[in-house]
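Peer 1: One structure, as structure tokens, below. Some questions next.
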């Protein structure tokens, strides 16, 4: 933009831009202000009607209490293991299958792809019982396998990776084959590195989903030592009269949001680059 | 490339962990290990919705007591919140990992029985139950002609009112008839000078099936109306009596003495947004801690009755039941029996103690009620206890929950003016009849 | 963009067979790579879906053993599509939710992306703020917004009153409740839309805009003729995937309108009853898994058709 007119317009536009951002931002932050504020209130303050806007004295001890009442550390560990392995699984299976759908020609390929896509169209809890039954047959109730295995493949992920890999030039593959590379090595050493940003994107979004998943763990987990973070927070509801422990629940929720937030900030720059390259445009 | 290397390391780690996880067969931690393995070690799993700290400890104490006396028994106690209880039970059942003993809401019994899920108690247990519980309570745990477990809490509804608001409005007589209720509700509605609301006369609880249907049915029965035919073949609430009750609500709503959109829960009464509410006894705990004008200002009165009816309240119970697929049905029943049998002549049973202390609930057992008459003599408890002699049990049948929800949806539609009272009852009755026919 | 199987390559691999092998090398590896995923989906997805379909032709309370299910043929479907008033209401609500939710998010997302793409400082900071709702569990969001929108003492009403507007019933009103839910859903996902669209915007080469400026186009014209068309695939992806998700909405409604006791969700007079919630109630409250499965089949058909229509409509004409 060569013509830079420091006109009234430009200034006005800048002001408007920031104003809009602030309004939108405030809207985003509103519930979090409440969440943090509530997490620092005493149980008396929290059941007041109307509740105060800010706690009189911030009760940092709430955070300590939450960790005492729940084995939050164990829950964190469980959530970390489950989320980490599930996401890895999704990345691996999505990229492998996406690669196959994008760069290989075989009979029934498109039908198969359509079938996989259509599995996205069934709400999970409908197939809950049969999946539960399968999990039980394998002996995966109440252990990590039961929490991880059912989430290992994501149709959405396959879709996304396929789109992305389709944009990669075939020349890379041909060149590698010329060099005598096996198909699997092509996947490992050519495709995977190139799809880095897309993988990160897929990874972060799935990480959030798995971290927050509630219904499935609720059914699979039978003992508190296998609780994931959402289950642990949920068990707070029965800790005391619901209204009175809202402050503790909020403290727990704040604590559970932090890891995914950190991951996002850290991986943020891969994000938009990844999406831009995912060939969604094509 | 760096990302790539990280990925490799993570995948290797991941595979390692996954193998380790698969190899690990995490068994649920036992609450207490059997000290001395005697005859056959028996493990019993119990599931309830009593997970609150204040309720966990006393229950654990009871279980410890039993385990000390029966060293070969290990009891694992599980709890989940109420709204997940049913889901948990049904999915555990479907997967074949049911708990041995559960504490359930009696409305679920017919469906459990239909699915062959419950283990019938032995004849002596049945006789004991029939002998120590009121007709209503026994009926509440009977399905297909069989008694299925020990009733625990008995819950009824009464008219709760704010004594202070009554005094302020100059009302000296607590409403006894439906007309008086209508009158009082409007007298008790208070507005500010600028028209904003201070409090309404009576609160309702839309969005919650029991909250809507239980008070409605209580009023219906008190107005000499009927809910379902005794042989459960058709619905009977679409009648002049039913219409009168619904009209009572609608008229009060039109006049602004009831506001369905107020807050929608019993907390409306607790926080002073409403002067009256028809509600169950288990709200006592909240009233004790948070009632706006202090617990001493909570008044309890019988359900107002119609011209030709007498005050009747709905009753429902919770019960202990044993799972049929349990490997230790006999031991399970032994434990349940111990929990519900009086410790001695004139003494309360372990459950009786537990219910009255940890929960502030009313035990269904007649011997318990007598043994704990001291605790029961407190104003609130005494009033509800007295009401247990004028109850009609919530009918339990396959499809009962569905009918209840249909009734709730339609009553709410009438409250919000989306249907006329006649339409609402007619639609609810039509739906109820369909469900009844379907499940015959 | 397709995969051109170079026939010459089939000679290179060690199978040692002449060109006439039935499955080409390429196809073989395609199958191999697909195999684990296909197997997995068969066990954890396709199989269960087929089972669900089977169940939809029966009455099942999930407690009776599967072998003893009572067969009812198409009766479940007949009931759902004929007499189930609640299903009809849920369908309407779900459609309204989807159209308004996805629509609003698309527009807001685009605006937000445009904003963020323009010269803004602290871009990371803003992005993080918009991303906050996405990382929070729907349960927590539902709880928080439920409190904020409380008719009596919620913050939103307090703010409204402070600027002179009357209090609104929000979630307690059959008229406003659904819009509140839409608001919460928009709130949760707008960040996702913004981020994806930002990336899309950044993928448009600057040269196009420069060329347009040289030709004397103003902002609106370049927006209409450069930005929008080039963003189309991104928008398509967002709209299609999010419509599929929106039609299955559950978490937000469950978290906001169910709370303790035996609430069946669905808000005041069923104003926020959505399809999946109705399914859930049928399965886990009424013991009618057969009917719930039938509803799932119907929902599946709806989603399938809607997606097909969307893709036809929005596909690039190129």
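Just so it is clear, none of the values below were taken in a lab; they were calculated from the coordinates. What you see is a predicted model; the values in this text were computed from it and never measured. All Cβ positions, even for glycine, are placed from backbone atoms using ideal geometry, and neighbour counts span all protein chains on display.
Peer 1: Using every pair of alpha-carbon atoms in the range A:4-63, split the distances into 5 Å bins beginning at 0 and state the percent of pairs per bin, rounded to integers.
Peer 2: Pair shares across the bins are 4, 16, 16, 13, 10, 9, 8, 7, 6, 5, 3, 1.
Peer 1: For the range A:1-144, with equal point scatterers placed on the C-alpha atoms only and solvent neglected, what are the log10 I(q)/I(0) values from the Debye formula at q = 0.10, 0.20, 0.22 1/Å, to two decimals?
Peer 2: Values returned for q = 0.10, 0.20, 0.22 Å⁻¹ are -0.85, -1.24, -1.33.
Peer 1: Just the number: Rg to Rh for the range B:278-356, Cα atoms, Kirkwood Rh, two decimals. Please report the intermediate quantities before stating the final value.
Peer 2: Working: Rg = 18.9 Å, Rh = 16.7 Å.
Expressed as Rg/Rh, it is 1.14.
Peer 1: Compute the distance from the alpha-carbon center of the range B:60-133 to that of the range C:49-112, in whole Å.
Peer 2: Cα centroid of the range B:60-133 versus Cα centroid of the range C:49-112: 32 Å apart.
Peer 1: Oh, and also: Working from Cα positions, state the angle (0 to 90°, nearest 10) between the long axis of helix A:246-277 and the longest principal axis of chain A.
Peer 2: Between helix and principal axis, roughly 30 degrees.
Peer 1: At q = 0.15, 0.17 Å⁻¹, what log₁₀ I(q)/I(0) does the range B:267-400 have when each alpha carbon counts as one equal point scatterer in the Debye sum?
Peer 2: With one equal scatterer per Cα and no solvent, log10 I(q)/I(0) is -0.90, -1.06.
Peer 1: Turning to a different aspect of this structure: From Cα pairs below 8 angstrom and at least 6 apart in sequence, can you work out the relative contact order of chain A, rounded to a whole percent?
Peer 2: Values: 282 pairs, mean separation 87.6, N = 282.
Contact order relative to length: 31 percent.
Peer 1: Which residue fluctuates the most in chain A, going by a Gaussian network model with Cα springs under 10 Å, if the choices are A:81, A:122, A:165?
Peer 2: The residue with the greatest mean-square fluctuation here is A:122.
Peer 1: While we're looking at this one, here's another question. Just to compare against my own numbers: the Cα pair-distance distribution for chain B, 10 Å bins, whole % per bin, please.
Peer 2: Percent of Cα pairs in each bin: 4, 19, 27, 23, 14, 8, 4, 1, 0.
Peer 1: Order these by the 10 Å Cβ neighbour count, fewest first: B:257, C:111, C:180.
Peer 2: Working: B:257 22, C:111 16, C:180 25.
Ranked by crowding around the Cβ, least crowded first: C:111, B:257, C:180.
Peer 1: What FRET efficiency do you get for residue C:220 and residue C:175 if R0 is 45 Å and r is their Cβ-Cβ distance, rounded to the nearest 0.05? Each step should come with its number before you reach the end.
Peer 2: Details: r = 36 Å, r/R0 = 0.81.
The pair residue C:220/residue C:175 has a calculated efficiency of 0.80.
Peer 1: Per the Kirkwood treatment, what hydrodynamic radius in Å, one decimal, follows for the range C:27-117 from the mean inverse distance over all distinct Cα pairs? Don't skip to the answer; put the middle values down first.
Peer 2: Working: mean 1/r = 0.0562 Å⁻¹.
That comes to 17.8 Å for the range C:27-117.
Peer 1: Please list log₁₀ I(q)/I(0) at q = 0.11, 0.12 Å⁻¹ for chain C, using the Debye equation with identical point scatterers on the alpha-carbon positions.
Peer 2: Result of the Debye calculation: -0.93, -1.03.
Peer 1: Above 21 Å lies some portion of the pair distances; for the range C:80-198, what is it as a whole percent of all C-alpha pairs? Walk me through the intermediate numbers first.
Peer 2: On the way: 3668 of 7021 pairs.
In whole percent, the long-distance tail amounts to 52.
Peer 1: At 0.692 mPa s and 37 °C, plugging the Kirkwood radius over alpha-carbon pairs of chain A into Stokes-Einstein gives what diffusion coefficient in µm²/s? Intermediate results must be reported in sequence, preceding the final value.
Peer 2: Working: Rh = 22.3 Å.
D, rounded to a whole number, is 147 µm²/s.
Peer 1: By how many degrees, 0 to 90 and rounded to 10, does the Cα axis of helix B:400-415 deviate from the longest principal axis of chain B?
Peer 2: 40 degrees
Peer 1: Kindly express, to the nearest 10 degrees and within the range 0 to 90, the angle between helix A:8-39's C-alpha long axis and the longest C-alpha principal axis of chain A.
Peer 2: Value to nearest ten degrees: 60.
Peer 1: How would you rank A:223, B:367, going from fewest to most other Cβ atoms within 10 Å of each one's own Cβ? Don't skip to the answer; put the middle values down first.
Peer 2: On the way: A:223 15, B:367 20.
Sorted ascending by nearby Cβ count, the order is A:223, B:367.
Peer 1: When only C-alpha pairs under 8 Å and at least 6 residues apart count, what is the relative contact order of chain C, in percent?
Peer 2: Numbers: 333 pairs, mean separation 82.5, N = 318.
Contact order relative to length: 26 percent.
Peer 1: Over the Cα atoms of the protein assembly as shown, what Rg and Dmax result, in angstrom?
Peer 2: 30.9, 104
Peer 1: Compute the distance from the alpha-carbon center of the range B:361-440 to that of the range A:89-120, in whole Å.
Peer 2: Answer, in whole Å: 53.
Peer 1: Using only DSSP helix segments of four residues or longer, with each worth -39500 (n - 2.57), what per-residue ellipticity at 222 nm results for chain B after dividing by its residue count and rounding to 500? Don't skip to the end; give the middle numbers.
Peer 2: Details: 19 runs with 201 residues, N = 440.
After summing the helix terms and dividing by the residues of chain B, the value is -13500 deg cm²/dmol.
Peer 1: Taking each residue in A:88-98, count the Cβ atoms of any other chain within 10 Å of its Cβ, then average. What number comes out? It would help to have the intermediate numbers written out before the result.
Peer 2: Numbers: counts 8, 5, 0, 3, 5, 5, 1, 2, 6, 9, 2.
Other-chain Cβ atoms within 10 Å of each residue's Cβ, averaged: 4.
Peer 1: So for the range A:70-238, considering every pair of alpha-carbon atoms, how many percent are separated by more than 30 Å? Can you show the working numbers first?
Peer 2: On the way: 3968 of 14196 pairs.
So the pairs more than 30 Å apart make up 28 percent of the total in the range A:70-238.
Peer 1: Who wins for biggest fluctuation among C:177, C:185, C:213 in a Gaussian network model of chain C, springs between alpha carbons below 10 Å?
Peer 2: Ranking C:177, C:185, C:213 by mean-square fluctuation puts C:213 first.
Peer 1: Compute the projected area of the convex hull of the Cα atoms of the range C:23-71, averaged over all viewing directions, and report it in nm² to one decimal place.
Peer 2: Numbers: hull surface 18.4 nm².
Answer in nm², one decimal: 4.6.
Peer 1: OK, next. Fewest to most neighbouring Cβ within 10 Å: what's the order for A:161, C:279, B:376?
Peer 2: Details: A:161 30, C:279 27, B:376 18.
Going from sparsest to densest Cβ surroundings: B:376, C:279, A:161.
Peer 1: Given bins 5 angstrom wide, list per bin the percent of all Cα-Cα distances in the range C:132-267, short to long.
Peer 2: Taking all Cα pairs of the range C:132-267, the binned fractions are 2, 9, 14, 15, 13, 11, 9, 10, 8, 5, 2, 1, 0, 0 percent.
Peer 1: Oh, and also: For the range B:132-269, state the average projected area of the convex hull of the C-alpha atoms over all orientations, rounded to one decimal in nm². Numbers along the way, then the final one.
Peer 2: Working: hull surface 43.2 nm².
Average projection, Cα convex hull of the range B:132-269: 10.8 nm².
Peer 1: Using a simple spin-label model with points 7 Å from Cα along the Cα→Cβ vector, what separation in nm is obtained for residue B:382 and residue C:310?
Peer 2: 6.5 nm
Peer 1: Right, another one. Looking only at C:187, C:179, C:40, which one moves most when chain C is put into a Gaussian network model with springs between Cα atoms under 10 Å?
Peer 2: C:40
Peer 1: Express in whole angstrom the spacing between the alpha-carbon centres of the range B:142-212 and the range C:270-287.
Peer 2: 28 Å
Peer 1: Here is a follow-up. Let me have the 222 nm mean residue ellipticity of chain A computed from DSSP H runs of 4+ only, each contributing -39500 (n - 2.57), with the sum over all residues rounded to the nearest 500. If you can, show how the numbers build up before the last one.
Peer 2: On the way: 14 runs with 189 residues, N = 282.
Using -39500 (n - 2.57) per qualifying helix, the result is -21500 deg cm²/dmol.
Peer 1: Still on this structure, please answer the following. Report the FRET efficiency, 1/(1 + (r/R0)^6), for residue B:343 and residue A:267, where r is their Cβ-Cβ distance and R0 is 45 Å, rounded to 0.05.
Peer 2: The computed FRET efficiency comes out at 0.15.
Peer 1: Any chance you could get the radius of gyration and Dmax over the Cα atoms of the range A:62-134, in Å?
Peer 2: Over the range A:62-134's Cα set, Rg and Dmax evaluate to 19.1, 60 Å.
Peer 1: Can you pull the one-decimal nm distance between simple spin-label points at residue B:255 and residue A:174, each 7 Å off the Cα toward Cβ?
Peer 2: 8.8 nm
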